[in-house]
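Report on the following structure.
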Amino acid sequence: MLSLGGTGIGRGIAIGRALVLDAPQNEVPQFQIDTKRVDDEVLRFNRAIAAVRQELRHLQSNLPATAPPETSAFIDVHLLMLDDPLISKEPGESIRRDKINAEWALNNHANTLAAFFDNISDPYLRTKKDDVAQVVGRVMDVLTQRPERSPNLSGLGHALTDRIIVARDLSPADAVMLRHRSMAAFVTSLGGPISHTAILARSLGIPAVVGLHGVIDTIQDQDELIVDAATGTVLVAPDERLLKQFQRLQARQHDERQALAKIGEKRAATLDDQEITLLANIELPEDLNALKGSGAAGVGLYRTEFLFMNRTEPPEEEEQYQAYRQIIQAVNGPVTVRTLDLGADKQVDGGRDEPKAAMTPALGLRAIRLCLSEPSLFKPQLRAILRAAVHGDVQMMIPMLSSLPELEQSLSLIREVCTELEREGAAFNPNVPIGGMIEVPAAAIAADLFAQKLDFLSIGTNDLIQYTLAIDRVDDSVNYLYDPLHPSVLRLVRNIIQAGDQANIPVSMCGEMAGDPVFTRLLMGLGLRQFSMEPSQLLEIRQQIRNTRLSAVPEWIDRILACTDTAALHELVDQLNAQECV
Ligand code: PEP
Ligand code: MG
């Protein structure tokens, strides 16, 4: 038996067999393409073939004198294989016929060719399968332009019940593909508590352990695993005794969750009757199911960028309108639609096709910066949101604001879009409240200035912590510095809440901190009255609120904010949480 330790997400236990996803270099991006993109895609494929042919010829004519004499003949074989219709012609036809991307088409035909070699009885000819893989690999490298990062998810079957996914990393785009495959747990080498793998695990309500270095090389496919998210432990090939012990623990947790389910119908109010608004974070229309029974009063964060992932072209205005409308009509309560937050860790294709490799993507052209630089991307979304807003209670929220001119430019673009819609006689809501995500320290420090121009504020602690503590949220080597209780973070959170109060506008929190019961009493004590989180967290947070006497919290807040020692500060928060119905 082997015991491995990483960062646990959630508190559950999963027992099941490992499903180790392909090493990154085997990954093949697979997605459908629009009819109007077919010619471009075929051209891209043909150019990749031509580039590899040229590369091989160049190699051949520049062979060093010391190269073995048969090298040139090997290259000839590769050139011949490249010209095989299964590699150089038929993928182009598949792209046209099946409307699939070039890599996917090539992979399908390469598999057919590989199967042909597999069935040859001559052992020498059978080894030619490796040459096929090498030639295809060269074309793939040209097509994908960079070494790949994520595992191949598209080849997986639909239901993964009782399987524990073991991967190097999962990008937000991968997360979209995994969303409906009911796996038991995740284990990844990379990722931290606010990485998108972690957010995905929370939104699916399954346990996960991230940042478990080297796990992909340690765990074999089909290994029996126990994942204990509370301690961040993964046990490989556990003995009978441990298995029984964890099965009992798992059954107890299941019973506790069942008991908790009843709380969804009860009020989210403290013992001294302070009402708290509990909202859900969602990413796709399919997430609406998770809202059932959660008691969510609405959606506090709809991350629209997920609609833009795993495709070559952004969705057109009409498709966006339909998606937003579906959510707005289905949710019983207000829906806060966040405008696009693409860039940095949220690439449309999981990072495979990054046009400009920014030095520090998190500080680059992301979210509202990207949208303002590409009005042709942003305006259809604004139009779609304003149109969909006639179907319910909608707010619009702008991510990653850092400067006032940026906010003014955004507001002016929204006004411009309203004028256009009005001129066209379209049905839309011109009075949608506009809020801003406060997740950049500059905006948190000057929250009062932003509050004067906005209808509400929402604290994005995932990014606020990343930027305040200078720790890249996707770099697991600096996970250990992630600390929502860092005095700088607490002061910024308090400052934002106070700025909202002074401007008389609501302040919510939609980062992962809002869904962690460790911080619920503290945040209520700091004045937070709206919490938005992954639906799976809602019941536990509701229970924590119902177990709190708010009037007893402020004295703890004074002590916590005055505390100068990190360990003592954490101890104080533990003591606050340990208080029986404070
Ligand atoms: C945040 O930054 O806290 C947030 C909620 O947004 P995201 O995690 O999508 O960046
Ligand atoms: Mg954010």
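The values are calculated or read from the model by the stated rules, or taken from the named source; none is laboratory data. It should be emphasised that the depicted structure is a prediction, and the values quoted were computed from it without experimental measurement. We place every Cβ from the backbone using ideal geometry, glycine too, and count neighbours over all the protein chains shown.
A few remarks follow.
- When residue 201 is tested against (1) within 16 Å of the chain's Cα centre (by Cα); (2) part of a helix (DSSP H, G or I); (3) in the same structural domain as residue 321 (by TED's automatic domain parsing), exactly one condition is not met: (3).
- With respect to the conditions (1) out of contact with any Phe, Trp or Tyr (no Cβ under 8 Å at 6 or more places or on another chain); (2) closer than 30 Å to residue 525 by Cα; (3) buried (at least 21 other Cβ atoms within 10 Å of the Cβ), residue 191 lacks only one, and its number is (2).
- Members of segment 484-495 found to be within 12 Å of ligand 1 (Cβ to nearest atom) and either of a type in the set (Gly, Ala, Ser) or not in a loop (DSSP other than H, G, I, E, B) (or both), listed by number: 489, 493
- Test: residue in segment 454-475 that is within 13 Å of residue 404 (Cα to Cα), assigned by TED's automatic domain parsing to the domain that holds residue 403 and in contact with a strand residue (DSSP E or B) (Cβ under 9 Å, 6 or more places away or on another chain): yes
- Here residue 39 clears all of (1) modelled with pLDDT under 90; (2) loosely packed, with under 13 Cβ neighbours inside 10 Å except the condition numbered (1).
- Only one entry in 24, 85, 64, 29 is exposed (fewer than 13 other Cβ atoms within 10 Å of the Cβ) and at pLDDT below 85, namely 64.
- Count - residues of segment 310-369 that are at pLDDT 90 or above, of a type in the set (A, V, I, L, M, F, W, C) and more than 16 Å from ligand 1 (Cβ to nearest atom): 5
- In segment 374-397, the condition of being within 16 Å of ligand 1 (Cβ to nearest atom) and more than 21 Å from residue 322 (Cβ to Cβ) is met by no residue.
- All helices (runs of 4 or more DSSP H) inside segment 422-483 with 1 or more residues being at pLDDT 95 or above, within 13 Å of ligand 1 (Cβ to nearest atom) and of a type in the set (Phe, Trp, Tyr): 461-468
- Residue within segment 540-554 that is under 22 Å from residue 441 (Cβ atoms), outside the structural domain of residue 203 (by TED's automatic domain parsing) and in contact (Cβ under 8 Å) with a residue 40 or more places away in the chain present: no
- Number of the exception - residue 468 against (1) more than 16 Å from ligand 2 (Cβ to nearest atom); (2) surrounded by 17 or more Cβ atoms within 10 Å (Cβ to Cβ); (3) more than 25 Å from residue 170 (Cβ to Cβ): (1)
- Which numbered condition residue 461 misses (of (1) more than 16 Å from ligand 2 (Cβ to nearest atom); (2) of a type in the set (Val, Ile, Thr); (3) surrounded by 20 or more Cβ atoms within 10 Å (Cβ to Cβ)): (1)
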